[in-house]
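The values are calculated or read from the model by the stated rules, or taken from the named source; none is laboratory data. On a predicted model such as this, the values are computed, not experimentally measured, just so you know. Glycine gets a Cβ as well: all are built from the backbone with ideal geometry, and neighbour counts include every protein chain shown.
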Amino acid sequence: MLAVMTATGPENLSSSARKTALVVARVSLYLGLIFGMALGAGAVMFLLVSPQTFPNPAERWLVGGVFIGLSAMSFGFAGMGKSRIEKLKASGS
């Protein structure tokens with residue numbers, strides 16, 4: 001269904017398909033925000049709060065960098081979900 005929407009545009013979707021696409025976009029928005037905040041908090045925890053978990057600074061920054069990268073990707077998915085919601089709402093009115 002989302003592949004159809006990206007190929008033809010949201011204005012060509014039926015009402016039920018538009019509602020389903022809105023639900024999927026909202027789920028991706030909220031999951032992206034939740035995972036982004038959780039992974040960002042994990043990066044702060046590994047880098048600043050409990051640095052003794054990884055006593056080697058290279059390991060600590062490697063783990064923190066991975067968490068920061070995953071957090072940024074999660075916020076990117078949230079941004080894609082938000083833009084999809086805006087497109088669907090604009091085409092539905």
* Residue that is modelled with pLDDT of 85 or more and among the aliphatic types (A, V, I, L, M), where the choices are Met1, Met45 -> Met45
* If you check Phe54 against the conditions, is it more than 17 Å from Arg26 (Cβ to Cβ) and either at pLDDT below 90 or in contact with a His (Cβ under 9 Å, 6 or more places away or on another chain) (or both)? -> yes
* Asked: Any residue at all in segment 6-19 that is at pLDDT 90 or above and buried (at least 16 other Cβ atoms within 10 Å of the Cβ)?
  -> no
* On the given criteria, is Ser74 modelled with pLDDT of 90 or more, over 20 Å from Ala90 (Cα atoms), hydroxyl-bearing (Ser, Thr, Tyr) and surrounded by 13 or more Cβ atoms within 10 Å (Cβ to Cβ)? -> yes
* For segment 80-93, what are the residues that are in a helix (DSSP H, G or I) and either over 16 Å from the mean Cα position of the chain (by Cα) or surrounded by 13 or more Cβ atoms within 10 Å (Cβ to Cβ) (or both)? -> Met80, Gly81, Lys82, Arg84, Ile85, Lys87, Leu88, Lys89, Ala90, Ser91, Gly92
* Filter segment 20-37 for residues that are of a type in the set (Gly, Ala, Ser) and under 13 Å from Met73 (Cβ atoms) and give the result. => Ser28, Gly32, Gly36
* Asked: Going through segment 36-93 one residue at a time, which ones are within 30 Å of Ser15 (Cβ to Cβ) and hydrophobic (A, V, I, L, M, F, W, C)?
  -> Phe77, Ala78, Met80, Ile85, Leu88, Ala90
* Asked: Which members of segment 41-71 meet the condition of being outside any helix (DSSP H, G or I) and either among the acidic types (Asp, Glu) or surrounded by 13 or more Cβ atoms within 10 Å (Cβ to Cβ) (or both)?
  -> Phe54
